[in-house]
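K.L.:
Handing you a structure now.
The values are calculated or read from the model by the stated rules, or taken from the named source; none is laboratory data. Please read these numbers as outputs of a predicted model, since none were measured by experiment. Don't worry about glycine lacking a Cβ; one is built from the backbone with ideal geometry, like all the others, and counts go over all protein chains shown. Heads up: the accessible areas ignore ligands, DNA and RNA and are worked out on the full protein's heavy atoms, side chains in. Shrake-Rupley method; radii C 1.70, N 1.55, O 1.52, S 1.80 Å.
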Amino acid sequence: MLAIIVPYYKKKFFSETLKSIEAQTDKRFNVYIGNDASPEDPEDLIHQILKNTHYKYFIYKENLGGKNLALQWERVVDEAKDEEWIMILGDDDILENNVVEMFYKNLGKIQENKISLVKFSQYIIDENGSQTRNPTHMENIVSSKDFLVKKISSQFPNSLSENIFSKEIYQKYRFKKFPLAWHSDDLAILEFSDLKDFLFIHDAKVGVRISSESISGMDNSTRDKQLATYLFCEHIIKNYYTIFPENFIELLLKKYREIIWRNGFDININFTKIYINQRNFFRALYAIKIKHDLQKRIKKFKKI
């Protein structure tokens, strides 16, 4: 059984999200709506729209999304006790009416290939509901490692809403609490796939809204996003650098060093050790100088 998790806070586009859930042609799912102490009561919309959909609605006194969106995601996911599969749908995103139907249509292939994450084609919509980017396309079976390389190297679109994942594998990893949950969804594709392949479905799509009110619409140079990218790079390099191509790890190391240079964050990675393990001895020696320069830069920040 599938659980559709809706972490709720803003009412502006919520009716469109609910209508897309209600319109699903296959009703084999339960909806869990978690109100993150919002000042905007959505109960009128829920009762008005979800006429033929089984749902549970939870009102939380403490706002967790303001601390970290991933905390709110996990709180609502934890309300789903019996379902084996989870989808987390943003409160301003929309499903095409055959998303659940296509999930179940592919369930045999998912189980046969021991797949723990399914990604649907996504397209971007703006505040007016107009499509601003064409739907994504990939092969039917995709390496989660290759996808992450593509996402980070070329800004390939990714969001949380267009994925269904196994609760069992989710519980193994859970979400990493990067600031603003920035890159938390990117890392989830890798980890909720259990570092293996995922299934991509072209024939059902998810509309992901990017507006001035969304985090994705914010300036990428904000300190919180910089810190999140720094922590994301650090996590991949520390835990997974042996499973990725060396040029991708070098890209992450470069991002990591640049963010430290601009922000004065601490160095928590042994650059020399990584290059020695890659048998790149010239870079291993050069890394000693890089570390020295970064440490001098960090000291300047700490004096401010």
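K.L.:
Please state which one of K299, K303, K254, K289 is open to solvent by 40 Å² or more (accessible area, probe 1.4 Å), closer than 22 Å to S153 by Cβ and not aromatic (F, W, Y).
P.N.:
K254
K.L.:
Among the charged types (D, E, K, R) and over 28 Å from L69 (Cβ atoms), is that true of D224?
P.N.:
Spelling it out, it is not the case that D224 is among the charged types (D, E, K, R) and over 28 Å from L69 (Cβ atoms).
K.L.:
Exactly one condition in (1) within 24 Å of M1 (Cβ to Cβ); (2) of a type outside the set (K, R); (3) in contact with a strand residue (DSSP E or B) (Cβ under 7 Å, 6 or more places away or on another chain); (4) assigned to a loop (DSSP other than H, G, I, E, B) is false for T136; which is it?
P.N.:
All conditions are met except number (1).
K.L.:
With S121, S161 as the choices, which residue is of a type in the set (S, T, N, Q), part of a loop (DSSP other than H, G, I, E, B) and open to solvent by less than 40 Å² (accessible area, probe 1.4 Å)?
P.N.:
S161
K.L.:
Which residues, taken from segment 23-44, are surrounded by 17 or more Cβ atoms within 10 Å (Cβ to Cβ) and outside any loop (DSSP other than H, G, I, E, B)?
P.N.:
Hits for segment 23-44 are F29, N30, V31, Y32, I33, G34, N35, D36.
K.L.:
Further, regarding this structure: One residue is enough: does segment 206-215 have a residue meeting the conditions free of Cβ contacts under 8 Å to residues at least 40 places away in the same chain and in a helix (DSSP H, G or I)?
P.N.:
The answer is no; no qualifying residue exists.
K.L.:
Out of the residues in segment 245-304 that are part of a loop (DSSP other than H, G, I, E, B) and charged (D, E, K, R), which is nearest to C233 (Cα to Cα)?
P.N.:
Among those residues, the one meeting the criterion is D266.
K.L.:
Determine if segment 65-88 includes at least one residue that is open to solvent by less than 40 Å² (accessible area, probe 1.4 Å), over 29 Å from P179 (Cα atoms) and touching a residue at least 24 places away in the same chain (Cβ under 8 Å).
P.N.:
no
K.L.:
Here are the criteria: (1) open to solvent by 40 Å² or more (accessible area, probe 1.4 Å); (2) over 27 Å from N239 (Cα atoms); (3) part of a loop (DSSP other than H, G, I, E, B). Tell me which single one F58 does not satisfy.
P.N.:
(3)
K.L.:
Before we move on, is Q48 open to solvent by less than 50 Å² (accessible area, probe 1.4 Å), closer than 23 Å to G207 by Cβ, modelled with pLDDT of 95 or more and in contact with a helix residue (DSSP H, G or I) (Cβ under 9 Å, 6 or more places away or on another chain)?
P.N.:
no
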